[in-house]
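Enquirer: Just passing along the structure, written as structure tokens.
Read-outs throughout are calculated quantities, based only on the coordinates presented, and are distinct from any laboratory measurement. Predicted, not measured: the structure shown is a model, and the values here were computed from it. Here the Cβ positions follow ideal geometry from the backbone for every residue, glycine too, while neighbour counts run over all protein chains shown.
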Amino acid sequence: MILDSVIISESASLREALECIENNHQGMVFVRDASGAIVAMATDGDLRRYLLEGGTLEDSIARCANADFVWEYPDAPKETLLKKLDDRVRVIPLLDHAKKLVRVVRRDDLPARAEGGLYARARAPVRVSFGGGGSDLTHYFANSGEGAVINSAISLYTHATLRLREDKRVVVRSLDLGETLDTVDLAAGMSAEGRFGLIQALLKSVKPDFGFELYIHSDFPMSSGLGGSACVSAAILGCFNALRRDQWSLHELAEMAYQSERHYMRVAGGWQDQYATVFGGFNFMEFRMEQNIVHPLRIQSDTLSELEESLVLCDTGIAHDSGDIHDSQRDKMAASDVRSLVEKNVRLCYSMRNDLLRGRLDDFGRALDSAWQLKRLLSDKITSFQLDKIYSEALEHGALGGKLLGAGGGGFFLFYVPAYEKHKLIIHLEETGLRVRPFRFEPNGLETWTVREQSTPR
């Protein structure tokens, strides 16, 4: 529609208005004042009624035009327009702030709102591991036939936002690293210097053919023993997956996260972290060469709530290098005594599962102690005098058991303590300068969604 064809001057006559309506085939005209602002509207029905009531064709259009007409701003939501377009209102003019005509809309010709930038968001939870650690390493179960771990996702997350760009530029901002990667395209980003090795490894798998901005931050410190790198991987992969038509399955996402860290970056480690963050929930996992199996545990709700209240998560403030520790374990795994320790840990893991399913929580807590005593023998890098002191004092203040999470060497301790002793333990830990982190079990794993940047309608 040519806008000038539906506009006449407020000084025009009814005759000129009728001629305008005849020519524009719209059944109406808009009346403009000397400044160009639309001040009234007249339909062919308005003109006929005026003439039947005694008006003449030479009268000014201003005498019969409707100054109280329905109009909207150009950024009005479709919902608003649809509500106003009823049997009485057939057209709505869209006017700018100077009341000049921008567009005329009908029910069958609503404006296509300009879409804002597309965002994909994701969050992936960390995990706490209870038993079986070390048996999820490929060099263990490839020879023994089976590994097993028990773990749960908890309410601490890595958050990622992926925003598409119209150009090929690649921008990555990590609050965790305190660094920004900003390059002209993906190729330049893949060769850029910095601490973005994990992200660069993930991009080798994703192979995006578009420019983007990626923002990452986590609720937990790096090198925490909570499987943080797997969470980062899952959240980033989840963002890219949200924009794909042929989306990867949960198993594929877990495998891609594993491959990126283990093969592209050559960082040693097990499989449980990637599966825990992608699948979420409270799980018993079995690891075999042919496949990894995730068994969600159907723990009674009362038991699960009591366990949640009986666990204390404590940040030692000591960073660790899980890859270095796993390398040490791998080198020692061939020794029969080390393999025997891991095998005992696997058998203990099955026992811990049974304790949980039957609600024997104090037995489960004592089993955590057994798991820790076995784990600390796997490598001389797992514990230290300082870590042993933290653990022994926790037992003196009510804990029945616990373990250092992840590969060891630092990060977070997890303690099991009966409800009536919990406050005593928390007070002790905080008095020694350690930070206790509240958490809840997280039933969901990787979550992704897409949104569009919206402008706020007037």
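Enquirer: A 26 angstrom limit on the alpha carbon distance is what I want to check against. Which of LYS389/LYS424; LYS78/LYS99; LYS204/LYS403 exceed it?
Expert: Those over the limit are LYS204/LYS403.
Enquirer: Determine the distance separating the Cα centre of the range 55-89 from the Cα centre of the range 368-440; give it in Å without decimals.
Expert: Cα centroid of the range 55-89 versus Cα centroid of the range 368-440: 73 Å apart.
Enquirer: Once semi-axes √(5λ) of the Cα gyration tensor in Å is worked out from the coordinates, which option in (1) 54, 27, 19; (2) 68, 24, 19; (3) 36, 26, 19 does it equal?
Expert: (2)
Enquirer: Tell me the GluC sites (Glu not before Pro) within the range 13-53 that lie in a loop according to DSSP and have at most 15 other beta-carbon atoms within 10 Å.
Expert: In loop regions of the range 13-53 (DSSP not H, G, I, E or B), the sparsely surrounded GluC sites (Glu not before Pro) are GLU53.
Enquirer: Can you give me the Kirkwood hydrodynamic radius for the range 222-294, using every pair of distinct Cα atoms, in Å to one decimal?
Expert: 12.7
Enquirer: For the chain, build the charge dipole from Cβ charges (+1 Lys, Arg; -1 Asp, Glu) around the Cα centre, then report which of GLY411, ASN354, HIS423 sits farthest towards its positive end.
Expert: Value: ASN354.
Enquirer: Suppose every K and R has +1 on its Cβ and every D and E has -1 on its Cβ; what is the size of the dipole of the chain about the Cα centre, in Debye to the nearest 20?
Expert: Approximately 640 debye in magnitude.
Enquirer: Please identify every one of the GluC sites (Glu not before Pro) in the range 129-208 that sits in a loop by DSSP and has no more than 10 other beta carbons within 10 Å of its own beta carbon.
Expert: GLU166, GLU193
Enquirer: Using a ≥ b ≥ c from the Cα gyration tensor of the range 161-295 (square roots of the eigenvalues), is it rounded, prolate or oblate, where a/c under 1.5 gives rounded and otherwise the larger of a/b and b/c decides, a/b for prolate?
Expert: Since a/c reaches 1.5 and a/b is larger than b/c, the shape of the range 161-295 is classed as prolate.
Enquirer: Most exposed first by the Cβ proxy, i.e. fewest other Cβ within 10 Å, how do THR56, THR383 rank?
Expert: THR56, THR383
Enquirer: Separate question: Show me, for the range 214-219, the HN-Hα J-couplings you get by feeding each phi into the Karplus relation (A = 6.51, B = -1.76, C = 1.60, θ = phi - 60°), rounded to Hz, glycine and proline as x.
Expert: 10, 10, 9, 8, 10, 8
Enquirer: Moving on to the next point. Determine, for ASP209, ASP355, the number of other Cβ atoms within 10 Å of each Cβ, and report the residues in order from fewest to most.
Expert: The order, fewest Cβ neighbours first, is ASP209, ASP355.
Enquirer: If a helix is a whole DSSP H run, which ones in the chain reach 18 Å or further along their own axis (Cα) and hold a mean Kyte-Doolittle hydropathy of at least 0.5?
Expert: Counting only whole DSSP H runs, the qualifying helices are 228-242.
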